[in-house]
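The values are calculated or read from the model by the stated rules, or taken from the named source; none is laboratory data. Keep in mind the model is a prediction, meaning the values are calculated, not measured. Using ideal geometry, Cβ is built from the backbone for each residue, glycine included, and neighbour counts are taken over all protein chains shown. Side chains are part of the model used for accessible areas, which takes the heavy atoms of the whole protein and leaves out ligands, DNA and RNA. Shrake-Rupley method; radii C 1.70, N 1.55, O 1.52, S 1.80 Å.
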Amino acid sequence: MLARRDILVGMDIGTSNIRVIVGEVATDGAINIIGVGTSPSEGIKKGIIIDLEQTVESISKAAAEAERMVGATIEAANVGIVGAHVGLFTSRGVVAVARDDKEITGQDVERVLQAARVIALPQDREIIDVIPREFIIDDYDGIRDPVGMLGVRLEVEAMVITGSMTSLRNLMRCVNMAGYAVNSLILNSLANGEICLTRDEKELGVFLIDLGGGTTEISLFKGGALQDLAVLPVGGDHITNDLAVGLRTTFELAERLKVEKGVALEQLASSEREIEIEGISGRERRIVSIADLFGFIEPRVMEIMNLCKKEMGRMGYNQMPPGGVVLTGGVSLMKGFSELAGEVLDCSVRVAQPAYLGVKSPIYSTAVGLIHYMYRSQGFRRPGKRQDRGTRGFAYNMWRRIRNFIANIWE
Ligand SMILES: Nc1ncnc2c1ncn2[C@@H]1O[C@H](COP(=O)(O)OP(=O)(O)OP(=O)(O)O)[C@@H](O)[C@H]1O
Ligand SMILES: [Mg+2]
C-alpha cells in the first residue's frame with residue numbers, strides 16, 4: 001500500500017483523459033515519477049462531471065494502470081480542480097505578534113492567514129485555498145516569508161480561492177467511489193504553474209494557457225503569484241468536431257487525423273500530401289490533403305486564440321506581459337500552434353512540459369504539477385534546508401485545513 005509520506009499521487013480529472021501519476025521523493029529531495037496511468041475520460045464535459053458512474057470507472061482504470069506500474073496500491077490522491085467555478089479575491093488579515101521577544105513564528109503566520117479567511121461567503125461556496133501575496137510587518141510591505149523576523153503587528157494580503165460546493169463534492173465523491181481518499185484539492189492553474197513557469201516569468205508577469213480537450217484555461221501570474229484566471233469552454237474537441245463535420249467523417253477518425261497530421265500554420269500545410277479517409281457508414285472513401293485539414297483547423301485555432309486575447313484584455317493586458325505566453329495541455333502539441341498563437345498575441349510563445357522521463361509531454365503538466373505543488377506545500381525535508389516548524393507550518397497547515405474541510409463536508 002502506498003501510504004508512505006514520501007509517495008505523492010497526482011490525479012488530473014480532465015475532459016479528454018484522466019491521468020494518475022505517482023511520484024516518489026528520493027532522499028536527496030528529488031522527485032522521481034514511478035507510475036503513470038491514463039484512461040479516456042467518459043463522464044466529463046467542459047471540465048464538469050456530467051456522469052458520476054462513468055467518471056468513477058475512468059478514474060479506477062487510470063489509477064489501476066498506475067498501480068500496476070508501481071506494483072502497489074494507491075491510498076490517496078491530490079486532485080486537480082478546474083478553474084471554471086472558482087472565485088478568486090483578495091482578503092486581508094491582521095494579528096498582533098504573540099511572542100514577548102516579538103519574533104514572528106509559524107503560529108503567527110497561521111493565525112494571520114486564518115484571519116484572512118474570515119469573509120462572508122454565499123452558502124454554496126467554500127474556501128479551497130488561501131495564498132499569501134505579501135506580508136506586512138509594522139507597515140513594511142512586500143515581505144514573502146516573515147518567519148524569524150521581528151515586529152509587533154503582522155498583516156497579510158492573501159488571495160482567497162473559493163469553489164462551488166456542489167462541483168467539489170461531486171469531484172470528491174467520484175474519487176472516493178473509485179476507492180481513493182482525497183488528500184488535497186489543488187487548482188489546476190497552480191499545479192501547471194509549478195511545472196511550466198520559471199521563477200522569473202512568474203515574477204515579471206506571464207500568461208499560462210492550458211489548452212485541453214474541452215476547456216482552455218488562462219492564468220495570469222505576476223509578482224511570484226497567481227493573480228487571475230479564466231476558463232473558456234472551448235478546446236481540442238471542438239477542432240476535432242469541426243474536422244469531422246468538414247470532412248464528413250467520424251469523430252474518431254477526425255481525432256486521429258488531427259493528432260497525426262493536423263497543422264495550424266499555413267506554411268506547414270503547403271505540402272501536397274494526400275490522405276485517404278473513410279466515409280461514415282460505408283460511404284465512399286475520399287482523398288484529402290493536408291491543406292484541406294488546415295482549412296478546417298485554422299479558423300478554430302484562431303477563434304480560441306482570439307478568445308484568449310479578449311480575456312487577457314479583460315485582465316488588463318492588451319499588450320503581453322514581459323514573461324510572454326506559455327502554452328501547455330494536449331492541444332499545444334499541434335504543429336504550428338505556438339507560432340500561430342505568437343502571431344495572434346504578438347509576443348514570444350513557448351510550449352512547456354514536465355522534464356521527467358516517461359511524462360515528457362504537455363498532456364502531463366497538470367498531473368505532475370499536482371505532485372510538485374503538494375510536495376512544496378507539505379514542506380518535505382530537503383537536505384540543507386532549515387526545518388522550521390514555522391515555515392512548514394503555513395503550507396502544512398494549509399494542507400491540514402483542506403483535509404479538515406473535506407472531513408467537514410462529509411460530516
Ligand atoms: N499531437 C496533438 N495534436 C493536436 N491535438 C492534440 C495532440 N495530442 C493531443 N491533442 C488534443 O489535446 C486534447 C487533450 O488534451 P489534455 O489531455 O490536456 O486535455 P484534458 O486535460 O483531458 O482536458 P481539459 O483540460 O479540457 O479538461 C484533445 O483534444 C486531443 O485531441
Ligand atoms: Mg487538462
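General remarks:
- Within the range 262-273, the only residue that satisfies the criterion of being surrounded by fewer than 11 Cβ atoms within 10 Å (Cβ to Cβ) and either part of a strand (DSSP E or B) or at pLDDT 80 or above (or both) is Gln267.
- Some residue of the range 27-35 being more than 19 Å from His372 (Cβ to Cβ) and either among the basic types (Lys, Arg) or away from ligand 1 (no atom under 12 Å from the Cβ) (or both): no
- Filter result for Leu52 (closer than 30 Å to Asn241 by Cβ and more than 16 Å from ligand 1 (Cβ to nearest atom)): yes
Residue-wise test of (1) among the hydrophobic types (A, V, I, L, M, F, W, C); (2) touching a Lys or Arg at 6+ places or on another chain (Cβ under 6 Å); (3) open to solvent by 30 Å² or more (accessible area, probe 1.4 Å).
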| site | (1), (2), (3) |
| --- | --- |
| Glu126 | no, no, yes |
| Val130 | yes, yes, no |
| Asp139 | no, no, yes |
| Thr162 | no, yes, no |
| Arg169 | no, no, yes |
| Ala178 | yes, no, no |
| Asn188 | no, no, no |
| Cys196 | yes, no, no |
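- Identity of the residue in the range 198-224, open to solvent by 10 Å² or more (accessible area, probe 1.4 Å) and in contact with a Ser or Thr (Cβ under 8 Å, 6 or more places away or on another chain), that ends up nearest to ligand 1 (Cβ to nearest atom): Gly212
- Entirely in the range 139-213, the strands (runs of 3 or more DSSP E) that have 1 or more residues that are at pLDDT 95 or above and in contact with a strand residue (DSSP E or B) (Cβ under 6 Å, 6 or more places away or on another chain): 153-164, 181-187, 206-211
- Any chance Arg376 is at pLDDT below 95 and more than 12 Å from ligand 1 (Cβ to nearest atom): yes
- Taking the conditions (1) out of contact with any strand residue (DSSP E or B) (no Cβ under 7 Å at 6 or more places or on another chain); (2) within 16 Å of ligand 1 (Cβ to nearest atom); (3) open to solvent by less than 70 Å² (accessible area, probe 1.4 Å) in turn, Gly313 satisfies each one other than (2).
- Checked against (1) open to solvent by less than 60 Å² (accessible area, probe 1.4 Å); (2) small (Gly, Ala, Ser); (3) more than 16 Å from ligand 1 (Cβ to nearest atom), Gly71 passes all but a single condition, namely (1).
- When Leu226, Leu257 are checked against the criterion of being at pLDDT below 95 and in a helix (DSSP H, G or I), a single residue qualifies: Leu257.
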